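S.K.: Questions regarding the structure given below will be posed in turn.
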Amino acid sequence: MKNEEPTNLCTTCENMPECLEVGILERETCNDYEPRSLDDLVEADKFVNEVMAGSCPRCGSENTNDCEVDSLVEDNTVGYCLNCATYWCLECGHIFKGAKKGMECYPIRFVPNVLQKMVT
């Protein structure tokens, strides 16, 4: 049987702000669960994508998201454009040629280490 992550009801509940105030978070079951409307969830997801991923550096589309839940990339520092299928680094803007398992943006993660070694 495949190991599945537990379902967090709190992220889809109308009562989340009140629960957070008293320290309740990440419940799998809850007697006070009130599901948020689908429209509300879509709007919240759209807002998070706009803030986290921003617009596509190739085509300018706002129809983007990060790749945290992308089964291939699984990295929230990589953005993806749903219009032109572009993958890019959300930290430095580097555009990738394609997506592959475990891909990383070496310009942002590697260059500072090289520069630091050159300075010290």
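The values are calculated or read from the model by the stated rules, or taken from the named source; none is laboratory data. No experiment lies behind these values; they were computed from the predicted model shown. Because the Cβ atoms are built from the backbone with ideal geometry, glycine has one as well, and the counts that use them run over all protein chains shown.
S.K.: Can you pull out the residues in segment 86-104 that are buried (at least 18 other Cβ atoms within 10 Å of the Cβ) and in contact with a helix residue (DSSP H, G or I) (Cβ under 8 Å, 6 or more places away or on another chain)?
M.R.: Cys89, Leu90
S.K.: Checking the conditions here, which among Asp45, Asp75, Asp70 is more than 20 Å from Gly93 (Cα to Cα) and under 11 Å from the mean Cα position of the chain (by Cα)?
M.R.: So the residue among Asp45, Asp75, Asp70 that is more than 20 Å from Gly93 (Cα to Cα) and under 11 Å from the mean Cα position of the chain (by Cα) is Asp45.
S.K.: Within segment 16-41, how many residues are polar (S, T, N, Q) and surrounded by 14 or more Cβ atoms within 10 Å (Cβ to Cβ)?
M.R.: The total comes to 0.
S.K.: Oh, and also: Among the residues of segment 42-85, which ones are crowded, with 16+ Cβ neighbours inside 10 Å, among the aliphatic types (A, V, I, L, M) and outside any loop (DSSP other than H, G, I, E, B)?
M.R.: The one that is crowded, with 16+ Cβ neighbours inside 10 Å, among the aliphatic types (A, V, I, L, M) and outside any loop (DSSP other than H, G, I, E, B): Val78.
S.K.: How many of the residues making up segment 51-102 are touching a Pro at 6+ places or on another chain (Cβ under 7 Å) and among the hydrophobic types (A, V, I, L, M, F, W, C)?
M.R.: Here the count works out to 3.
S.K.: Just the residues that are assigned to a loop (DSSP other than H, G, I, E, B) and farther than 13 Å from Asn15 by Cα, please, taken from segment 25-40.
M.R.: The answer is Glu28, Thr29.
S.K.: Using beta carbons and a limit of 6 Å, which pairs, at least six apart or on different chains, have the first residue in segment 43-67 and within 20 Å of Glu14 (Cα to Cα) and the second one exposed (fewer than 14 other Cβ atoms within 10 Å of the Cβ) and modelled with pLDDT under 90?
M.R.: none
S.K.: Out of segment 74-120, which residues are of a type in the set (Asp, Glu) and either modelled with pLDDT under 85 or farther than 23 Å from Val48 by Cα (or both)?
M.R.: Listed by number, the list holds a single entry, Glu104.
S.K.: For segment 39-83, give me each residue that is acidic (Asp, Glu), in contact with a helix residue (DSSP H, G or I) (Cβ under 7 Å, 6 or more places away or on another chain) and within 23 Å of Gly102 (Cα to Cα).
M.R.: Asp66
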